[in-house]
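Read through the structure below, which is laid out as structure tokens, and then see the notes.
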Amino acid sequence: MMMPLWLDLLVAALLTLGALFALLGSLGLLRFGDFMQRLHGPTKVTTLGIGCIALALIAVRLWHGAVDGREVLVCLLVLVTAPVNGMLLARAHAAKGRRRESQQAPGA
């Protein structure tokens, strides 16, 4: 069954936007210098890109009547786990910095 033009355009726009966000997130990972700055690329922008790609998949599968819970589950898992992972990495990095400061001698 062929999709209408408006749905083709919507899916193409979502896929293009998703790929662009994923590329920008990857470039941010390469360009930023500090660990905390590098954390923003994969956790924020790339998550948005993957979300756009998942929405495009859901739109196509919905049109063909083949939607089940897998697409929605994958979308939710990605949108929840990537920011939580970034938060945990940031907290671990901050704790490591505090631990390093407390181990140094006060007069050093």
Please turn the phi angles of the range 13-24 into ³J(HN,Hα) values with the Karplus equation 6.51 cos²θ - 1.76 cosθ + 1.60 (θ = phi - 60°), one per residue in order, whole Hz, x for glycine and proline. 5, 5, 5, 5, 5, x, 5, 5, 5, 5, 5, 5
What's the long-distance tail for the chain, i.e. % of Cα pairs beyond 24 Å? 43 percent
For the range 5-100, whose charge dipole is built from +1 on Lys and Arg Cβ atoms and -1 on Asp and Glu Cβ atoms, the candidate among 9, 30, 66 with its Cα farthest towards the positive end is 30
Per-residue ³J(HN,Hα) for the range 85-97, Karplus 6.51 cos²θ - 1.76 cosθ + 1.60, θ = phi - 60°, Hz, x for Gly and Pro: 4, x, 5, 5, 5, 5, 5, 5, 5, 5, 5, 5, x
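None of the figures in this text is laboratory data; all of them are computed from the coordinates on show. Since the model is a prediction, treat every value here as computed from it, not as a measurement. No Cβ is skipped: glycine too gets one built from the backbone with ideal geometry, and neighbour counts run over all protein chains shown.
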